[in-house]
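Reviewing the structure listed below.
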Amino acid sequence: MRFLLVEDNGELAEAVSNRLALDGHAVDHAGSLAEAEHCLAATSYDLILLDVMLPDGDGRDFLARSRAHLETPVIVLTARARVTDRVGALDQGADDYITKPFDFSELEARVRAVLRRRGGSARNEIPLGEALFDPMSGTLRAGGESVTLRNRETRLLEVFARHPGQTFSKGQLLDRLFSFDAEVTENAIEVYVGRLRRRIGPLGLRIETVRGLGYRLETAPA
Amino acid sequence: MRDARLAGGLRLGLRLGLRLGLGLCVGLWATLAAALEVENRKVYPGTTDRTLSIVSTADLEVFEPYIQRFQQSHPELTVDYTVASSVELYRAIRDGAAFDLAISSAMDLQLKLANDGLAQSHRSDRTDALPDWARWRDLIFAFTAEPAVVVMSSRALDGAPPPATRQELITLLRDNPERFRNAIGTYDVRDSGLGYLFATQEARSTDAYWRLSEIMGRLSPELYCCSGQMVDAVISGRLSLAYNVLGSYAAQRMAQEDRRDIEIVQMQDFANLMLRTAIIPATATQTTAAGALIDMLLELGLRETPGDWPLPPLSQGTSDFGPIRLGPALMVYLDPFNRRAFLAEWENALVQDIVIEP
Amino acid sequence: MIARLSIGHRLTVLLAGVAALLSLLSWWMVSELARQAAARSQDNVLAASATTIAETIRSEQGEVRLELPYSALSMLGAISEDRVFYKVVAGERVLTGYDDLPVPTDAATGARVAFETGQYSGEAIRMASVRRTVLAGAGPVPVVVTVAQTLSGVDAVSGQLSRLAAALSLAFFLVAVGLSVFAARASLRPLNAFAQAVSRRGPSDLRPLRRDAPPELAPLRGALNRLMDRLGQSIRRSEDFIAEAAHRVRTPLATVRAQAEIALRSAESEESRQRLRRIIRAVDESSRSAGQLLDHATVAYRAEDLARDRIDLGELVAQAAAALEPTATMKDIAFHIATSQARVVGDAVLLESALGNVLDNAVKYSPDETTVHIAVSAEEGVARITVTDEGPGLGEGPIETLTERFRRGGNTEGVVGSGLGLTIAADVLAAHGGRLDLRNAAEGGGACVTLVLPAD
């Protein structure tokens, strides 16, 4: 997906960009509202992440101003955490908001929710062997068959799909799948891997156990 | 009714005293008449010794019904009733005689007593109900209104209608001197307090008084001390005409004698209306009882109908000329200068040939 | 003491005091004038009486003669029922009248009439003397005519007028008191109207007062407007400050967190991964605590003067669930919402915050792939939102204490939280006249949290 990140703090912008890039997203960074206008004029984006406090104005004012001609979904990044501020952002036309500092998996969840509400304006289907995987809706299609995965299953498959052939340890998968506020053991990963295997097996996809290292997605038929 | 029935022997001295001046010559009076000349006296015993002593010019038989009525409501009081002439009464109160109530027909003398501080004030619902003209300063209270009238025999009129005014009376006397010579009676104002009051008030009110006096003087009138004697003289035929008689007394006498041949005439041009008044002398001790008797007299004085009482009610006071006004002006003719001047004029007119009742 | 008396009372008392003073003054003046007028008219009559007598004085054969005219005493009798005394003295000799009657010490001369007040026969009297000279006998003889009258008539007339004046003054005073009350109220009406205009305002209405006011109130209005202006500025400044502070703190935290996550991706050893996880959790915890502290402050501020919106609880639940749905989806947690018609009157922002905290807790403590049940009901004037989860429940400890500040339940191992969530919800409900019911669900052992509110 292609994000436009409007954020004046350079370090944060870089960190967020890097982090999203790790998940295979493309991120353009605009340091001000003027730059953002510039980028929007040049390219179209799947989603805008908009900071509230910007050097040349309030992000919400920009939102209210450009909502009429801007179809791209917007998630407001706010450091203001008061109830009234959060409600205000939605009233101004944001699709959702997320409070800094944010959990990237929560951000992804919110992005998915927004895009789903918007009717999936961008379809980024990933080919997996014979099958096509849509990480937004969690559907996997092959031939006439279609499977809808649960959320954690979707995200587990997405991790493998974005990095074909790569082996992930249980610890790595744990960090991707679960937010950091819950204490989860690596057994949970084994449970989810098992489930995913059963769901995608019929479509010719396999998750192999690499002894001592972790798991890997195998797209070719065995 | 006799206002001053004096013993004949003392009358000359009294007259002298009057000529020297009333009231203001008390010292001389005291030497001339040390004791009160009592004409009559009666004690009406009550259940106790508490005595209400009254001095009055009204005769016993006139006032007795009032005393009896009073004792019905105050049976404990003994009433000591003394009759004296108005001048005697005045003198006695002035000298400090101990009476609880003084009732007199001589308004001027009563008023002077009150004015000079010899009366005590009394106030009650009854006195408040009195019309203003019937009281003065809560000191002196009127309870009868009695007019002065002319009494004459029908024989003297010889069929003519009785005169209605002094002018008509003057004409009658002038035209028929033979009928009235030695047959006219009137007060000797030198003697009688009431006579003096009537004469002065009449002289002040109508100029016909002096002309009438002169005519009468020419006809050798007889002079009397009291109304009663004059009325008796008319009844007995000795007099054809009695001038200035108390009307109530005349009417009572006529009714007693049943004499249709005697006319009682009230003059239409002016008629004196005397108020009989009561005061509580400064020396009074039974003031409460005296006040109660005054209240009773006022109650009777304010009655609407004459009834059986010997004295008429105050309602007579509303006649044409009104009563003689109770006020300090009454003292004017008591002033020695005025009295001297008035008597001189009166004698000039009337006593051309002094005739004293035998 | 006087400072605490109301302005209205003070005005009334002052005006009534002035009225009382004026009443007394007018009573005294009228009484005095009446007394003087009565005394003067008595003097005039006495003078006329004495003059009338004096005019009759003449000389006859060397003797002084006079008459007492009827009118001389009748005119005195006409004005009152006072006792009358007189005395005529020629040279040293009393001609007539009351020998012992005193005469004015200030002797009459010529046309002048001498007056004096004295005592005679036990009463106060007013005397008037007129002097005439008559040629009698050897030479001219001065004759002094004195007429005197007691004063009870004058006293009665002036007393009567004085009583009348007193009654009128009292009436004037009573009317003035009534008018004082009216005047005080009328003059305070703008002040009351002004105060009402201020007190009718909402808690956050700091616009300047534009209301017309009498000039006397203009300084107060100006001062109030300046105060509200300063207050507004101060509130805005502190709001800006808090927002700025939050921004300043949260933005670097966000950077730290993002960097930590990136580092976590490339970390090889389990030891360093564990350390990075702890960093991330510490960041989450501090930002969450800061957010809830801010929320709590907002609740405390707004609870003092609640907005009164009409709120459909069904919509409120739908919005709150939608806001939390992405987070719930991460754990494959579903919301099951059962709504029936229920309305309340209250502060939408606060109620949303309360419900959000309760739902947030439910999602946080629910195991994966479970359902959070939300039910809305209303009966007998009470509206309820019941949130039931399939988590471990509220533990063994006393349930009531869970709403105390910073207290967390016994079953919160491994879950990030400040302990303020339920406190905020309970405070919001208490401010609305409702309460937060906490219990464990009958079966399955999950927590069951009910928001109880008076229904509209």
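When chain B is treated as a GNM with alpha-carbon contacts under 10 Å, the residue of B:Gly217, B:Gly301, B:Gly96 showing the greatest mean-square fluctuation is B:Gly96.
At an R0 of 30 angstrom, the distance between the Cβ atoms of C:Leu224 and C:Arg10 translates into a FRET efficiency of 0.85.
Taking a ≥ b ≥ c as the square roots of the eigenvalues of the alpha carbon gyration tensor, the stretch A:126-218 is prolate, as a/c is not under 1.5 and a/b beats b/c. Dividing the helix sum by the residues of the protein assembly as shown, where each DSSP H run of 4 or more adds -39500 (n - 2.57), gives a mean residue ellipticity at 222 nm of -15000 deg cm²/dmol. Taking other residues whose beta carbon is less than 13 angstrom from the beta carbon of A:His38, and scoring Lys, Arg as +1 and Asp, Glu as -1, yields -4. Among B:328-336, B:156-164, C:67-75, sorting by the average number of other beta carbon atoms lying within 10 angstrom of each residue, highest first, gives B:328-336, C:67-75, B:156-164.
Between 0 and 90 degrees, the angle of helix C:270-303 with respect to the longest Cα principal axis of chain C falls at about 20 degrees. Kindly express, to the nearest 10 degrees and within the range 0 to 90, the angle between helix B:193-205's C-alpha long axis and the longest C-alpha principal axis of chain B. Compared with the principal axis, the helix lies near 60 degrees.
Geometric descriptor of the stretch C:122-174, per residue, is 90 Å³ (volume of the convex hull of the Cα atoms). Shielding by partners for peptide A:148-154, expressed as the average number of C-beta atoms from other protein chains within 10 Å of each residue's C-beta, is 3. Counting Cβ atoms of other protein chains within 10 Å of each residue's Cβ and taking the mean over peptide C:343-352 gives 1. D by Stokes-Einstein for the stretch C:201-305, Kirkwood Rh over Cα pairs, 20 °C, 1.002 mPa s: 120 µm²/s. Counting Lys and Arg as +1 and Asp and Glu as -1 over every other residue whose Cβ lies under 10 Å from the Cβ of B:Gln286, the net charge comes to 0.
How big, in percent, is the set of alpha carbon pairs in the stretch C:2-159 lying more than 19 Å apart? So the pairs more than 19 Å apart make up 61 percent of the total in the stretch C:2-159.
Amide H to amide H, with H built 1.01 Å from N, B:His74 comes under 5 Å of no residue 5 or more places away or on another chain. Ordering B:Glu263, B:Glu76, B:Glu347 by the number of other Cβ atoms within 10 Å of each residue's own Cβ, fewest first, gives B:Glu76, B:Glu347, B:Glu263. Averaged over the residues of C:263-276, the number of partner chain Cβ atoms lying within 10 Å of the residue Cβ comes to 2.
Arranged from fewest to most other beta-carbon atoms within 10 Å of their beta carbon, A:Val52, A:Val210, C:Val283 become A:Val210, C:Val283, A:Val52. Taking amide H positions as modeled 1.01 Å from N, with prolines and chain starts lacking one, the residues under 5 Å from B:Glu263 and 5 or more places away or on another chain are B:Met152, B:Ser153, B:Ser154.
Near B:Gln120, the amide H atoms lying under 5 Å from its own belong to B:Ile280, B:Ala282; only residues 5 or more places off or on other chains count, and H is placed 1.01 Å from N. Seen from A:Lys170, the other residues with C-beta closer than 9 Å to its C-beta sum to a net charge of -2, counting Lys and Arg as +1 and Asp and Glu as -1. What distance in nm separates the simple spin-label points at C:Ile337 and B:Arg211, each placed 7 Å from Cα in the Cβ direction? Once both label points are built, they end up 13.3 nm from each other. Once you reduce the stretch B:152-182 and the stretch B:57-92 to the center of their Cα atoms, the two points are 39 Å from each other. Working note: Karplus 6.51/-1.76/1.60 with θ = phi - 60° gives the stretch C:74-83 the couplings 5, 5, 6, x, 6, 7, 6, 9, 7, 6 Hz, where Gly and Pro are set to x. Put simply, the Cα atoms of the stretch A:2-119 extend 33, 32, 28 Å along their principal axes, the longest span coming first. So if the hydrodynamic radius of the stretch B:46-98 is defined as the Kirkwood radius over C-alpha pairs, what does Stokes-Einstein give as its diffusion coefficient at 4 °C and 1.567 mPa s, in µm² per second? Answer from the Stokes-Einstein relation: 109 µm²/s.
Expressed per residue, the C-alpha convex hull volume of the stretch C:125-222 stands at 171 Å³. Here the protein assembly as shown has an Rg and Dmax of 65.6, 194 Å, counting Cα atoms alone.
Modelled spin-label separation between C:Val249 and C:Phe182, with each label point placed 7 Å from Cα along the Cα-to-Cβ direction: 6.5 nm.
Applied to the stretch C:16-21, the Karplus parametrisation 6.51 cos²θ - 1.76 cosθ + 1.60 on θ = phi - 60° returns per-residue 3J(HN,Hα) values of 5, x, 4, 4, 4, 4 Hz, with x for Gly and Pro. With both labels modelled 7 Å from their Cα along Cα-to-Cβ, the C:Ala300 to C:Leu22 distance reads 5.8 nm.
Footprinting exposure proxy ranking of A:Phe133, C:Phe115, A:Phe3, fewest other C-beta atoms within 10 angstrom first, gives C:Phe115, A:Phe3, A:Phe133. With only the Cα atoms considered, chain B has a convex hull volume of 127 Å³ per residue. The orientation-averaged projected area of the convex hull spanned by the Cα atoms of the stretch C:251-376 comes to 9.4 nm².
Can you return the lysines within cross-link range of C:Lys331? Criterion is Cα-Cα under 24 Å, with same-chain partners fewer than 8 residues away left out. Here the lysines satisfying the reach criterion relative to C:Lys331 are A:Lys100, A:Lys170, C:Lys364. Over the stretch C:70-175, the alpha carbon radius of gyration divided by the compact-protein estimate 2.2 N^0.38 Å works out to 1.43. Once the Cβ-Cβ distance of C:Glu268 and A:Glu106 is raised to the sixth power relative to R0 = 45 Å, the FRET efficiency obtained is 0.95. Taking only the Cα atoms of chain C, the ratio Rg/Rh comes out at 1.59, with Rh defined as the Kirkwood radius.
The calculated FRET efficiency for A:Arg198 paired with A:His163, based on their beta-carbon distance and R0 = 25 Å, is about 0.65.
In whole Hz, with x marking every Gly and Pro, tabulate ³J(HN,Hα) for the stretch A:150-156 from phi via Karplus 6.51 cos²θ - 1.76 cosθ + 1.60, θ = phi - 60°. Once θ is set to phi - 60°, the couplings for the stretch A:150-156 become 6, 4, 5, 4, 4, 5, 5 Hz. Global size of chain A: 19.1, 58 Å for Rg and Dmax (C-alpha atoms, Rg to one decimal, Dmax whole).
Bear in mind these aren't lab numbers, they're just calculated from the coordinates by the rules spelled out. For clarity, every value in this text was computed on a predicted model and none was experimentally measured. A quick note on method: Cβ atoms are made from the backbone with ideal geometry, for glycine too, and the neighbour counts reach across all protein chains shown.
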